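As structure tokens, the structure follows; a few thoughts come after it.
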Amino acid sequence: MTTPEGTTNEIVRAALVQTKWTGDKDSMIAANVALARKAAAQGAQILCFQELFYGPYFCQVQDPAYFSYTESIPGPTTELMQALARETHMVLVVPIYEVEQEGVFYNTAFVIDADGTYLGKYRKHHIPQVKGFWEKFYFRPGNLGYPIFQTAVGPVGVYICYDRHFPEGWRALGLAGAKIVFNPSATSRGLSAYLWNLEQPAAAVANEYFVGAINRVGVEELGDNSFYGSSYFVDPRGQLVGDAASDTDDEVIVRDLDLNVLKEVRHTWAFYRDRRPDSYESLVAP
């Protein structure tokens, strides 16, 4: 629950879900919903699913058949998640493949408040196009900025997978007031596994908020990318909150995030106070 500025006892119980591809959309949604209910039974107040949660990671190939996985927002999965939020009283962050109009698609995550209210969506800004991650074939770059969602557990931001390599968006979310930022991903062992345990803790420290890093698991039939799970929460000191999830199995992890730590860290390391935006103009020069 949120409390007025300066009060204490601000604990948010948060959850992350990682799953293997089950073989079809309906069973994938069912598996994720079951894990969400498991998190709710443990008292979770907010939960984030993995990138493109109801499908395979189809970007390992370039095939227009996978355009069939698109949905409008709001749409059927939005409505299902609104019902789940009302049932479980959890805030839900739900990454799907969005269609805005025919032929215009985005890698998107929408946010549902704990009472089932649709709060809005974030569209992935940075779109890779490298072997095994042919995302420009499927997605336009995001065009909705870096929104903050005012949820039942406080201000929340979303940054999706490849976005995490770009510090500017992390900072934009912090400047806008995020206390927790979720980064749902599909990340493989071969390409950037060593960065998995480096980038999100560094972002949490630099921007002084909690980060929830989510990755899928397993090897899918579309390619040889091995997704290694290892989802975790990290605090504003760059320290893991509990252990990371399995690197091979479906799992939901539930962790208590003490938002009072943000205040302590920001009083110790006054990064926002000491910023010099007047000296950064060359960073955004055309």
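The values are calculated or read from the model by the stated rules, or taken from the named source; none is laboratory data. It should be emphasised that the depicted structure is a prediction, and the values quoted were computed from it without experimental measurement. Neighbour counts are summed over all protein chains in view; Cβ atoms, including those assigned to glycine, are modelled from backbone coordinates with ideal geometry.
Restricting to strands (runs of 3 or more DSSP E) lying wholly in segment 198-286: which have 2 or more residues that are at negative phi and in contact (Cβ under 8 Å) with a residue 40 or more places away in the chain? It would help to see each step written out before you state the result.
Details: elements: 210-215, 217-219, 226-228, 232-234, 251-258.
Fully inside segment 198-286 and qualifying: 210-215, 226-228, 232-234, 251-258.
Is there a residue in segment 237-255 that is farther than 30 Å from Tyr57 by Cα, of a type outside the set (Phe, Trp, Tyr) and either surrounded by fewer than 16 Cβ atoms within 10 Å (Cβ to Cβ) or modelled with pLDDT of 95 or more (or both)?
In the first step, residues of segment 237-255 are kept if they are farther than 30 Å from Tyr57 by Cα; the result is 237.
Now drop any that are not of a type outside the set (Phe, Trp, Tyr), which leaves 237.
Checking which are either surrounded by fewer than 16 Cβ atoms within 10 Å (Cβ to Cβ) or modelled with pLDDT of 95 or more (or both) leaves us with 237.
Yes, segment 237-255 contains a residue that is farther than 30 Å from Tyr57 by Cα, of a type outside the set (Phe, Trp, Tyr) and either surrounded by fewer than 16 Cβ atoms within 10 Å (Cβ to Cβ) or modelled with pLDDT of 95 or more (or both).
Restricting attention to segment 70-90, does a residue exist that is crowded, with 18+ Cβ neighbours inside 10 Å, under 22 Å from Ser246 (Cα atoms) and of a type in the set (Gly, Ala, Ser)?
no
Report, ordered by the first and then the second residue, all pairs with beta carbons closer than 8 Å, sequence separation of six or more or different chains, a first member in segment 159-185 that is farther than 14 Å from Ala109 by Cβ and in contact (Cβ under 8 Å) with a residue 24 or more places away in the chain, and a second member that is among the acidic types (Asp, Glu) and in a helix (DSSP H, G or I).
Going by the 8 Å Cβ cut-off, the qualifying pairs are His165/Glu199.
May I ask you to list the residues in segment 185-197 that are over 16 Å from the mean Cα position of the chain (by Cα), not in a strand (DSSP E or B) and not aromatic (Phe, Trp, Tyr)? It would help to see each step written out before you state the result.
Taking segment 185-197 and keeping what is over 16 Å from the mean Cα position of the chain (by Cα), we get 188-195.
Restricting the remaining residues to those that are not in a strand (DSSP E or B) gives 189-195.
Once the filter is applied, which keeps residues that are over 16 Å from the mean Cα position of the chain (by Cα), not in a strand (DSSP E or B) and not aromatic (Phe, Trp, Tyr), segment 185-197 yields Arg189, Gly190, Leu191, Ser192, Ala193, Leu195.
Starting from segment 48-76, keep only residues that are more than 20 Å from Phe227 (Cα to Cα), then list their pairs with residues that are among the polar types (S, T, N, Q) whose Cβ atoms are within a distance under 6 Å, requiring at least 6 positions of separation or different chains.
Glu71/Thr77
What number of residues within segment 109-131 are touching a Phe, Trp or Tyr at 6+ places or on another chain (Cβ under 9 Å) and in contact (Cβ under 8 Å) with a residue 40 or more places away in the chain? Explain how you work it out, then say what you get.
Looking only at segment 109-131, we keep the residues that are touching a Phe, Trp or Tyr at 6+ places or on another chain (Cβ under 9 Å), and these are 109-113, 118-129.
Among the residues that remain, those that are also in contact (Cβ under 8 Å) with a residue 40 or more places away in the chain are: 109, 111, 118, 121, 125-126.
Qualifying residue count for the region: 6.
Would you check which residues across segment 20-60 are outside any helix (DSSP H, G or I), of a type in the set (Val, Ile, Thr) and surrounded by fewer than 24 Cβ atoms within 10 Å (Cβ to Cβ) and list them? Walk me through how you get there before you give the answer.
So in segment 20-60, the residues outside any helix (DSSP H, G or I) come out as 20-24, 42-57.
From what is left, the residues that are of a type in the set (Val, Ile, Thr) are 22, 46.
Hit for segment 20-60 is Thr22, nothing else.
Determine whether Phe139 is surrounded by 15 or more Cβ atoms within 10 Å (Cβ to Cβ), in a loop (DSSP other than H, G, I, E, B) and over 16 Å from the mean Cα position of the chain (by Cα). Lay out the reasoning, then the answer.
Values: surrounded by 15 or more Cβ atoms within 10 Å (Cβ to Cβ): yes; in a loop (DSSP other than H, G, I, E, B): yes; over 16 Å from the mean Cα position of the chain (by Cα): yes.
Spelling it out, Phe139 is indeed surrounded by 15 or more Cβ atoms within 10 Å (Cβ to Cβ), in a loop (DSSP other than H, G, I, E, B) and over 16 Å from the mean Cα position of the chain (by Cα).
Of the numbered conditions (1) part of a helix (DSSP H, G or I); (2) among the aliphatic types (A, V, I, L, M); (3) more than 15 Å from His125 (Cβ to Cβ), Ala178 satisfies every one except a single condition; which is it?
With (1) part of a helix (DSSP H, G or I); (2) among the aliphatic types (A, V, I, L, M); (3) more than 15 Å from His125 (Cβ to Cβ) applied to Ala178, the lone miss is (1).
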